[in-house]
1. Between A119 and M48, what length in nm is gained on full extension when 0.36 nm per residue of separation is reduced by their alpha carbon distance?
2. Over the stretch 280-328, with a single point scatterer placed on each C-alpha, what log10 of the ratio I(q)/I(0) does the Debye formula yield at q = 0.22 1/Å?
3. I'd like the FRET efficiency for E85 and E209, computed as 1/(1 + (r/R0)^6) with the beta carbon distance as r and R0 of 45 Å, rounded to 0.05.
4. Once fully extended, how much extra length lies between K25 and A296, figured as 0.36 nm per residue of separation less the alpha-carbon to alpha-carbon distance?
5. So if each residue of separation counts as 0.36 nm, and I subtract the Cα-Cα distance between D36 and D316, what length gain in nm does that give?
6. Listed here are the pairs K8/K330; K14/K110; K84/K128; K123/K155; K142/K169; K65/K128; which of them are more than 30 Å apart at the Cα?
7. Which residues' amide hydrogens lie under 5 Å from the amide hydrogen of A296, considering only partners 5 or more residues apart or on another chain, with H built in the peptide plane?
8. Which value results for Rg/Rh of the stretch 39-114 when Rg is the Cα radius of gyration and Rh the Kirkwood radius based on the inverse mean 1/r?
Amino acid sequence: MKQQTAQKPIIQIKGLHKNYRLKDKEAIALENINLDIYSGEIFGIIGMSGAGKSTLVRCINFLEKPTAGTVIFDDRDLSTLSEKELCSARQSMGMIFQQFNLLMQRNALKNICFPMEIAGVPKADAQKRAKELLALVGLSDKATAYPAQLSGGQKQRIAIARALATNPKVLLCDEATSALDPTTTRSILSLLKDINQRLGITIIIITHEMSVIEEICQRVAIIADHEIAEVGKVEDIFTKPQAAATKKLVYPESKKTQSFERGQYLRIVFDGSTSFEPIIANMIIDLKESVNIIFADTKNIDGRAFGQTVIQMPDDKRAVARIVAYLRNKNLTVEEVCGNDIQ
């Protein structure tokens, strides 16, 4: 199904604040949050621990009521709804968690049936739907298995199936892969992407891992110090981060190199316009010129290269000119940088 990111938002967050009362003072959890999330997209919200991202996702479905501001879901202001109407709205927003939150005394089939029981779905219809969802998540053979008999990835697949039981329009994923190993994480993200494409469900990913954002999201919001620092397309955030908090996530301090006092350096920016190929290696072979790779942080997003590489150039000015011309002929952005600017 083609992504629909140019239409009316399914979720609009306007001027949202959330404070908590702690003894004799108030603690700010969220401050002046403004976001539009569009129908059919996979939207990421990323931030460091304590930034407020989990509070934000709970405000989206009003499990936490904002101190101020508005959340509009599917053209309805959630703050104006009665408790019954709010429960109905929440059925259109499935949620999955880091620790799966399965009922240990129920097998996989009955775990998936649980939200349908609450919604008053007849038992036969609920079981039929649950079996369809087990097939969707690739676990048809685990209907009678209990959570204790399942791996972490299998538990999360059951949790996803349960979240889909009431045919939601939005799926909220709060650190859904943080408890999983890298291989299992990739399989869960692949499943979520498949669900998004096949069913057209809007997916909101809450995470502290940039690798999750680059793997699955089309747009992302960076939250820092309880505020939205930056919002944009994933490829723009990776190639041209603006806010300091964004740069810290895209270029972690652990990847920085020492300052260089001498030498000429070029920053090569990969903005998705080139295929993921060994351009620098090919350049060395074709031009027979050696360069020193000082820093590299490139990522493969949907088969396209994003990121940057910084190289130290030879002393020969003619060689430098040939290298620059070669790279620009490959439609790459090339800029000279000082040693102190390398990160």
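Read-outs throughout are calculated quantities, based only on the coordinates presented, and are distinct from any laboratory measurement. Nothing here was measured: the structure is a model prediction, and the numbers come from that model. Neighbour counts run over all protein chains shown; Cβ positions are idealised from the backbone, glycine included.
1. 22.0 nm
2. Cα-only, vacuum Debye calculation for the stretch 280-328: -0.85.
3. Taking R0 as 45 Å, the efficiency between E85 and E209 is 0.80.
4. Stretched out fully, the K25 to A296 stretch lengthens by 93.0 nm.
5. Full-extension gain reported as 95.7 nm.
6. Numbers: K8/K330 38 Å; K14/K110 38 Å; K84/K128 26 Å; K123/K155 23 Å; K142/K169 26 Å; K65/K128 35 Å.
From the list (K8/K330; K14/K110; K84/K128; K123/K155; K142/K169; K65/K128), the Cα-Cα distance tops 30 Å for K8/K330; K14/K110; K65/K128.
7. V310
8. On the way: Rg = 14.7 Å, Rh = 14.7 Å.
That ratio is 1.00, to two decimals.
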